[in-house]
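Let me begin by presenting the structure, written as structure tokens, before commenting on it.
The values are calculated or read from the model by the stated rules, or taken from the named source; none is laboratory data. Please read all numbers here as calculations on a predicted model, not as lab measurements. Cβ placement follows ideal geometry from the backbone for every residue including glycine, while neighbour counts extend to all protein chains displayed.
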Amino acid sequence: MGSSHTLRRVLFTLLRLACLLTLVSAGTFTLLSFSPIDPIRAYIGNDLLHVPPQQYPLIAARWGLDQPLWLRFWHWFSQVLQGDLGYSMLYNAPVAQVISERFATSFALLAGAWLLSGGLGLLMGFAAGRYLHRWPDRFICRLSYLLSSLPTFWVGLLLLVVFAVHWQWFPVCCAWEPGSNAQAASIGERIHHLVLPMIALSLMGLGQIALHTREKIAEVMSSDFVRYAQAQGDCGWSLLRVQVLRHALTPALCLQFASVGELLGGSLLAEKIFAYPGLGQATIDAGLRGDIPLLMGIVLFSTLLVFCGNSLSAMLLARMNRILEHK
């Protein structure tokens, strides 16, 4: 009974994912077809004056841009079903290869920012909820509201000017030294270039996690079972660890997993400001140059990541609810 129920849930989740990817693909492909950017002129770039207009139809036929919208989408969708995401006009390489290489660079940035915002947010929220309506709580709340209202690009520029230009503690740009490559860069060199964009990206979701954790801590601290434990003389770390953290940690983790989409959106600005050669930078370049196959591949990949994050969040919450019901 349990295995069949699990199998039905897995199949239903996969069906939802397939429908979501299909709808997102159709909507994105339609919107990109109405883009004011001419993909042929964007592909030619600086050689526009050296390419005669008579070559434009040949380039359009080469990339299938002379076909109707529905036919172009069907050809692209058929290739995707066969595991082929197409060919990037901008990088002159398969889309799957570009995404894998760029995401390998972005993964350290996204994972570091995700862990940093989640860890600091939990600590700040725990301190605010523990000392509710006292000066630590007021300070953390004001700081969280301030961080939530600051744009990522403004924070990135501020960090860049202060720590990279003025004090010169960190490099101004890139994921490794100019002239080097991913294979030659050392771990220390990568971390040195990663610090500023990771901080800028992590501050975007820090306030939200802190305020959410504070609310849950305060709610649990005022509950009947905590008051009963306090009346029994349990007022130390065991109360906080067993009763408070157990009930407040899971909602915060669910919120953190659900923030994957917000983190991906923020990485576009962070990577652009710091010239970080990751997936966000590739997305912006593909949009400005009209590289539709690469944009479509990135959209599908990002949708898959967001779906996985939301699914993990829902699974965590359902698991916690079952545990609390048995308690």
Margin query: Looking at the stretch 142-164, I want the residues that are more than 16 Å from residue 211 (Cα to Cα) and have a partner that is surrounded by fewer than 17 Cβ atoms within 10 Å (Cβ to Cβ) and not polar (S, T, N, Q) with Cβ atoms under 6 Å, at least 6 apart or on another chain. Which pairs are those?
Written below: 163/169; 164/172
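Quick grid of which residues meet (1) surrounded by 12 or more Cβ atoms within 10 Å (Cβ to Cβ); (2) in a helix (DSSP H, G or I):
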position: 66; (1), (2): yes, no
position: 80; (1), (2): yes, yes
position: 98; (1), (2): yes, yes
position: 102; (1), (2): yes, yes
position: 110; (1), (2): yes, yes
position: 120; (1), (2): yes, yes
position: 128; (1), (2): yes, yes
position: 133; (1), (2): no, no
position: 136; (1), (2): yes, yes
Notebook entry, point to check: Of all residues in the stretch 269-298, which are farther than 23 Å from residue 154 by Cβ and among the charged types (D, E, K, R)?
Noted result: 289, 291
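Residue-by-condition table, conditions (1) under 21 Å from residue 266 (Cα atoms); (2) surrounded by fewer than 19 Cβ atoms within 10 Å (Cβ to Cβ):
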{"position": "149", "(1), (2)": "yes, yes"}
{"position": "154", "(1), (2)": "yes, yes"}
{"position": "157", "(1), (2)": "yes, yes"}
{"position": "169", "(1), (2)": "no, yes"}
{"position": "175", "(1), (2)": "yes, no"}
{"position": "182", "(1), (2)": "no, yes"}
{"position": "185", "(1), (2)": "no, yes"}
{"position": "188", "(1), (2)": "no, yes"}
{"position": "199", "(1), (2)": "yes, no"}
Note to self: For a quick check of your reading of the model, give me the residue pairs whose first member lies in the stretch 284-312 and is within 15 Å of residue 34 (Cα to Cα) and in contact (Cβ under 8 Å) with a residue 12 or more places away in the chain, whose second is surrounded by fewer than 20 Cβ atoms within 10 Å (Cβ to Cβ) and charged (D, E, K, R), with beta-carbon atoms closer than 7 Å and at least 6 apart or on different chains.
What the structure shows: 290/38
Notebook entry, point to check: Within the stretch 269-293, how many residues are in a helix (DSSP H, G or I) and touching a Gly at 6+ places or on another chain (Cβ under 8 Å)?
Noted result: 7
Note to self: With the structure loaded, tell me whether residue 91 is among the hydroxyl-bearing types (Ser, Thr, Tyr) and closer than 18 Å to residue 282 by Cα or whether it fails that test.
What the structure shows: yes
Note to self: Test of understanding: among 32, 71, 21, which residue is modelled with pLDDT of 80 or more, outside any loop (DSSP other than H, G, I, E, B) and under 30 Å from residue 318 (Cα atoms)?
What the structure shows: 21
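Taking residue 282, is it among the small types (Gly, Ala, Ser), surrounded by 23 or more Cβ atoms within 10 Å (Cβ to Cβ), out of contact with any Lys or Arg (no Cβ under 7 Å at 6 or more places or on another chain) and modelled with pLDDT of 85 or more? Write out each step before concluding.
Details: among the small types (Gly, Ala, Ser): yes; surrounded by 23 or more Cβ atoms within 10 Å (Cβ to Cβ): yes; out of contact with any Lys or Arg (no Cβ under 7 Å at 6 or more places or on another chain): no; modelled with pLDDT of 85 or more: yes.
No, not satisfied.
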Next item on the list: Working carefully through the options 312, 317, 304, 263, find the one that is among the aliphatic types (A, V, I, L, M), in a helix (DSSP H, G or I), touching a Phe, Trp or Tyr at 6+ places or on another chain (Cβ under 7 Å) and surrounded by fewer than 19 Cβ atoms within 10 Å (Cβ to Cβ).
Entry: 312
Next item on the list: Specify which of the listed residues (62, 9) is surrounded by 11 or more Cβ atoms within 10 Å (Cβ to Cβ), among the charged types (D, E, K, R), modelled with pLDDT under 85 and within 23 Å of residue 308 (Cβ to Cβ).
Entry: 9
